[in-house]
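The structure under discussion appears below in the form of structure tokens.
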Amino acid sequence: MNTHRGMALITVMGILTLMATVTLNMLRDSTAARQLAQGQRFKHQAKWTLDGAEHIILNSTTSPRPGNEQSLRLEEHEVRYRWHDRNTCFNLNALVVPAADSSASAPGLTAAQRVFAALLQNYGMNSAQSALLTQAISARLFAQSATRPLPVLDTPSQLRHFGLIPSALWPLLAQQLCVLPSTTLSLNLNALTTATAPLFRALLLGLLDDAEVARIIAQRPAQGWHSREAFLQALPRPLPALSSHLQSVTRFDSREWELELWMRSASAFAVQRTRLIQRDRAFEIRYRLYGLTGE
């Protein structure tokens with residue numbers, strides 16, 4: 001009798017354990033499905049909200065303030081946004097063009113390639129290493145341009161995946177990089193700051209040291225320089241060799257912009273990057289990137 005009771009008890013316990021396991025699995029599946037549905041709803045809601053915020057911002061802004069995080073509230077949603085001046089960073093797609101000219105200091109490199117090589121030298125490479133690495137990157141990008149339209153690169157991080165940039169160098173170099181849907185380099189001399197001093201020095205092909213570059217930035221006229229001649233006169237010593245070089249890679253205003261917008265929920269995050277060109281104080285959308293949280 002006791003044996004039968006024991007077997008019955010074991011059977012009941014087994015059935016209860018099985019039912020509890022099934023119930024727990026159903027609960028987990030239900031929770032996962034609910035979270036997935038909530039995530040999808042947030043994703044769709046976020047796209048419309050960010051697009052709406054973008055429309056409001058672009059129609060109310062003529063002079064963007066790069067770097068400052070700002071906010072905008074649309075009904076119950078708060079959208080955060082930040083402007084990025086893309087005429088103050090090195091456009092990696094400018095390296096797509098193969099070398100066509102030559103100079104005594106860097107044979108076979110274009111003006112944009114010479115700036116990139118000088119930027120590498122600012123971070124410790126010698127001239128031979130920087131020239132070879134620049135040419136290797138250009139060759140890889142040029143090969144890819146034959147099979148896909150511009151931009152060859154959508155984000156700077158794609159360059160890192162080539163495996164050509166030393167890992168220790170990347171965190172510093174990445175701060176000075178961006179991508180634009182063109183193969184030109186056009187840096188705004190009036191917008192480069194101490195944060196972009198390494199790029200400013202590279203733009204001058206390393207002919208000035210860090211202290212001299214810092215003084216040039218600090219002494220820049222409040223209204224900026226209006227010509228390359230005025231800029232060259234502001235240099236601590238005559239550098240006539242820079243005149244033709246600067247002609248092809250500099251400007252005095254910013255036209256290329258990126259508007260980064262993002263929003264959060266309790267369990268999700270959405271970001272949108274809108275690439276823009278400014279013409280006559282109005283913005284023209286080039287394209288949008290969704291879901292990219294960094295460069």
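The values are calculated or read from the model by the stated rules, or taken from the named source; none is laboratory data. Here the structure is a predicted model, which means the values were calculated and not measured. Every residue, glycine as well, gets a Cβ built from its backbone with ideal geometry; the counts of neighbours run over all protein chains shown.
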Pairs returned, first residue in segment 73-85 that is without any contact (Cβ under 8 Å) to a residue 60 or more places away in the chain, second residue that is of a type in the set (Val, Ile, Thr), beta-carbon separation under 7 angstrom, 6 or more apart or interchain, are Leu74/Thr49
In segment 226-266, anything of a type in the set (A, V, I, L, M, F, W, C) and touching a residue at least 60 places away in the same chain (Cβ under 8 Å) is listed as Val249, Phe252, Trp257, Leu259, Leu261, Trp262, Met263
Restricting attention to segment 156-205, the residues that are touching a residue at least 60 places away in the same chain (Cβ under 8 Å), among the β-branched types (Val, Ile, Thr) and surrounded by fewer than 18 Cβ atoms within 10 Å (Cβ to Cβ) number exactly 2
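Quick grid of which residues meet (1) farther than 20 Å from Leu50 by Cβ; (2) of a type outside the set (Val, Ile, Thr); (3) modelled with pLDDT under 95; (4) not in a strand (DSSP E or B):
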{"residue": "Ser244", "(1), (2), (3), (4)": "yes, yes, yes, yes"}
{"residue": "Gln247", "(1), (2), (3), (4)": "yes, yes, yes, yes"}
{"residue": "Ser267", "(1), (2), (3), (4)": "no, yes, yes, yes"}
{"residue": "Val271", "(1), (2), (3), (4)": "no, no, yes, no"}
{"residue": "Arg275", "(1), (2), (3), (4)": "no, yes, yes, no"}
{"residue": "Leu289", "(1), (2), (3), (4)": "no, yes, yes, no"}
{"residue": "Leu292", "(1), (2), (3), (4)": "no, yes, yes, yes"}
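Mind checking which residues of segment 73-88 are touching a Phe, Trp or Tyr at 6+ places or on another chain (Cβ under 8 Å) and buried (at least 18 other Cβ atoms within 10 Å of the Cβ)?
First, pick out the residues of segment 73-88 that are touching a Phe, Trp or Tyr at 6+ places or on another chain (Cβ under 8 Å): 79-81, 83-86.
Result: Val79, Tyr81, Trp83, His84, Asp85, Arg86.
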Considering segment 89-119, residues that are among the hydroxyl-bearing types (Ser, Thr, Tyr) and surrounded by fewer than 23 Cβ atoms within 10 Å (Cβ to Cβ), and then whichever is modelled with the lowest pLDDT, we arrive at Ser102
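Taking the options Ala131, Ala143, Ala139, Ala46, name whichever one is among the aliphatic types (A, V, I, L, M) and without any contact (Cβ under 8 Å) to a residue 12 or more places away in the chain.
Working: Ala131 fails: without any contact (Cβ under 8 Å) to a residue 12 or more places away in the chain; Ala139 fails: without any contact (Cβ under 8 Å) to a residue 12 or more places away in the chain; Ala46 fails: without any contact (Cβ under 8 Å) to a residue 12 or more places away in the chain.
Sole residue among the options that is among the aliphatic types (A, V, I, L, M) and without any contact (Cβ under 8 Å) to a residue 12 or more places away in the chain: Ala143.
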